Amino acid sequence: MDFIRNELVFSNDYFPLELVHREREISEIAHTMKLLAGKKGGENIFITGPPGTGKSTSVRGVISQLENSSTTILPVYVNCCICKTNSAILKALADKIEVPVIRNLGIDEMLKALVLRIKVMGKQPLIVLDDVDLVEDRDIIHEFLRCHEQYGVRVALVSIANNKYFPYGLEHRMQSMFAQKTVVYEPYNTPQLKDILRERAKVGLFPGSYDEDVLGLCAAIAGKRGDARLAISLLHRSAAIAEQEGAACITVAQVRKAQEASLPAASKLNEV
């Protein structure tokens, strides 16, 4: 028997129509970004919080809306888990504006060429550095922050990090510029995680394949960390296990098996 009707709903690439329990944070981020569209000088934003609290999903959702509503902003999303070097970050920017990377250029020359190209386009660059704390050389951040004084183009930065102390590792005079606005994502509590799972289950699972006890247990296990990704993964694994076992529906027994597979050590030490 099949229980999963949409695998995408359980992936990190899925964007829900509404991200529940993050309305305030999304509103703050969207308002600041929209100031850029009106050329009113939006602030650089630093977004921080533990893993699985909705930081990346929030920002990518706002960017998607901006791309559909603004012709002046040029948003560039950079996943720093993948693009950890200066050259990789600049290549992501070059790909966005469809400019080939000239291999023999240094980082400074490459950045200058890209920024001046954006200036000719009449666009406001908005660069999102997701997992910015994984960037190997922070000089690129300093260079982005200096673009206005060097090239007459202000690069707006939206930086996302689990480490809330990341800005203090930058040059002292750059710290206030880097985090002109800080948005903090607190861990989800168990009732909030259950609400999130309920919305995912409506879209990702077949009706009648699960009950509130299943959602509640997944939420309670993940609630120890406040991690929505973990809660969603547990529900997905539970459904897959139930399918493999030919069960009539997903039960708490399958959730326990998913817990053991996902968190073997934690499940023994912190049994819910």
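The values are calculated or read from the model by the stated rules, or taken from the named source; none is laboratory data. None of these values were measured; they are calculated from a predicted model. Quick reminder, even Gly has a Cβ in these numbers, built from the backbone with ideal geometry, and neighbours come from all protein chains shown. Keep in mind that these areas ignore ligands, DNA and RNA; they rest on the heavy atoms of the full protein, side chains included. Shrake-Rupley method; radii C 1.70, N 1.55, O 1.52, S 1.80 Å.
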Could you give P(r) for segment 19-152, binned at 5 Å from zero, as whole percent values over all Cα-Cα pairs? 2, 9, 19, 22, 22, 15, 7, 3, 1, 0
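Over segment 129-174, what portion of Cα pair distances is larger than 12 Å, expressed as a whole percent? Walk me through the numbers on the way to the answer.
Values: 663 of 1035 pairs.
Value for segment 129-174: 64 percent of Cα pairs lie more than 12 Å apart.
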How much of the accessible area of segment 169-272, in percent, comes from carbon and sulfur atoms when a 1.4 Å probe is used? 53 percent
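For the chain, with only Lys/Arg (+1) and Asp/Glu (-1) charged at the beta-carbon, what is the dipole magnitude about the Cα centre, in debye rounded to 20?
Details: 33 positive and 33 negative charges, 137 e Å.
Result for the chain is approximately 660 debye, rounded to the nearest 20.
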Charge dipole (the chain, unit charges on Cβ, about Cα centre) - positive-most of LEU111, ALA247, ALA94: LEU111
Just check segment 79-194 against the gyration tensor rule for me: Cα atoms, a ≥ b ≥ c as the square roots of the eigenvalues, rounded for a/c under 1.5, and otherwise prolate or oblate depending on whether a/b exceeds b/c. prolate
Hey, what angle do you get for helix 55-69 against the long axis of the chain, alpha-carbon based, 0 to 90 degrees rounded to 10? 60 degrees
Helix axis angle, 252-262 relative to the chain longest principal axis, alpha carbon, degrees: 40 degrees
Order the peptides 248-254, 193-199 from the highest to the lowest mean number of other Cβ atoms within 10 Å of their residues. 193-199, 248-254
Taking 255-262, 235-242 and ranking on average Cβ neighbours within 10 Å, highest first, one gets 235-242, 255-262
Which log10 I(q)/I(0) values does segment 22-87 give at q = 0.18, 0.25, 0.30 Å⁻¹ under the Debye formula, counting every alpha carbon as one identical point scatterer? -0.75, -1.22, -1.40
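Calculated FRET efficiency, VAL203 and ILE107, Cβ-Cβ r, R0 30 Å, to nearest 0.05?
Details: r = 43 Å, r/R0 = 1.44.
Working from the Cβ atoms, E equals 0.10.
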Accessible area of segment 75-133 with a 1.4 Å probe: how many percent of it is carbon plus sulfur? 53 percent
Listed residues ILE221, HIS21, LEU157: farthest to the positive end of the dipole of the chain (Cβ charges): LEU157
Magnitude of the Cβ-charge dipole of segment 173-252, K/R +1 and D/E -1, about the Cα centre, nearest 20 debye? 540 debye
Cut-off 10 angstrom, C-alpha nodes, Gaussian network model of the chain. Which of GLY61, GLY226, GLY122 fluctuates the most? GLY122
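After finding the eigenvalues of the alpha carbon gyration tensor for the chain, what semi-axes result from the square roots of 5 times each, listed largest first in whole Å?
Working: eigenvalues 322, 68, 60 Å².
Taking √(5λ) for each Cα gyration eigenvalue gives 40, 18, 17 Å.
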Report the residue, chosen from LEU205, LEU17, LEU36, that carries the largest GNM mean-square fluctuation when the chain is represented by alpha-carbon nodes joined by springs under 10 Å. LEU17
How many Å² of accessible area per residue for the chain, probe 1.4 Å? 49 Å²
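With each run of n ≥ 4 DSSP H residues scored as -39500 (n - 2.57), what mean residue ellipticity at 222 nm is computed for the chain after dividing by its residue count and rounding to the nearest 500 deg cm²/dmol? Intermediate values should be presented prior to the final figure.
On the way: 11 runs with 138 residues, N = 272.
After summing the helix terms and dividing by the residues of the chain, the value is -16000 deg cm²/dmol.
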Only bridges whose two residues both fall in the chain count here: according to DSSP, what percent of them are antiparallel, nearest 5? 5 percent
